[in-house]
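The values are calculated or read from the model by the stated rules, or taken from the named source; none is laboratory data. This is a predicted model, so every value here is computed, not measured. Reconstructed Cβ throughout: ideal geometry from the backbone, glycine too, with neighbour counts over all protein chains shown.
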């Protein structure tokens, strides 16, 4: 029977429906102010896409910071475990998972079968996360989807001294006022994220192969800067944002 995984983060909620290791459908939608409602709507949409009803599901597992608020699940599992399991599904050779989400970032080291052996996490502030990039895009007066393109046109990289989102925004505004190219500022921002993330990697040790998950993996400039900093290739799955929900669905499948 099909199973479902729900990952409710600070910015988005994802649902993956799985049957016999095959993804039947997935949904990504904004979390908004009500994480429980976001999970319900994402689940309803995913079921409709898979042409199923809730009674068809044998097990539902929730993960993410909002997992406690969801009352229609069979089990709740930490996002560390779920992201590791999701990454292993895409590539069993992966041993380091770098996940940069909306409000936190984490680095996970895996053993065989996607088992987590160590991790490091930044959940104290939004520095270097999706929210950080949103604020910086606003300061640069571009859409967040345009940040990578802007950065790729840079001739140099402006050094960004602060990683605090509030202070970095003020710094970017000041750099623009000084007449420095927005392209160079964007590249500097991406390099600063790579530097901060590499610090997390160093805390647990880099082991290849490396995969990046989370919404920020869609930003090619962050991926390139991080690959350059770590001196390694970074694997990007087909839809990096659903890694947690996919891992939850796989765990639901194993436990059903």
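Looking across 180, 175, one residue alone is assigned to a helix (DSSP H, G or I), without any contact (Cβ under 8 Å) to a residue 40 or more places away in the chain and within 21 Å of residue 162 (Cα to Cα). It is 175. Scanning the range 13-36 for residues that are surrounded by 24 or more Cβ atoms within 10 Å (Cβ to Cβ) and in contact (Cβ under 8 Å) with a residue 60 or more places away in the chain yields 14, 15, 16, 17, 18. The residues of the range 69-82 that are in contact with a helix residue (DSSP H, G or I) (Cβ under 9 Å, 6 or more places away or on another chain) and in a helix (DSSP H, G or I), listed by number, are 69, 79, 81, 82.
Within the group 194, 127, 157, 186, which residue is modelled with pLDDT of 95 or more and either farther than 30 Å from residue 86 by Cβ or touching a helix residue (DSSP H, G or I) at 6+ places or on another chain (Cβ under 7 Å) (or both)? I'd like the intermediate steps shown before the answer.
Numbers: 194 fails: modelled with pLDDT of 95 or more; 127 fails: modelled with pLDDT of 95 or more; 157 fails: modelled with pLDDT of 95 or more.
Just one listed residue meets the conditions, 186.
Residue-wise test of (1) farther than 16 Å from residue 82 by Cβ; (2) part of a helix (DSSP H, G or I); (3) touching a strand residue (DSSP E or B) at 6+ places or on another chain (Cβ under 6 Å).
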residue	(1), (2), (3)
24	yes, no, yes
28	no, no, yes
41	yes, yes, no
49	yes, yes, yes
52	yes, no, no
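Condition test on residue 65, is it touching a strand residue (DSSP E or B) at 6+ places or on another chain (Cβ under 8 Å), under 30 Å from residue 232 (Cβ atoms) and either surrounded by 15 or more Cβ atoms within 10 Å (Cβ to Cβ) or touching a residue at least 12 places away in the same chain (Cβ under 8 Å) (or both)? In short, yes.
Looking only at residues in the range 37-50 that are more than 20 Å from the chain's Cα centre (by Cα) and closer than 17 Å to residue 70 by Cα, the one that is surrounded by the most Cβ atoms within 10 Å (Cβ to Cβ) is 47. Scanning the range 215-239 for residues being under 18 Å from residue 63 (Cβ atoms) and surrounded by fewer than 24 Cβ atoms within 10 Å (Cβ to Cβ) gives a total of 3.
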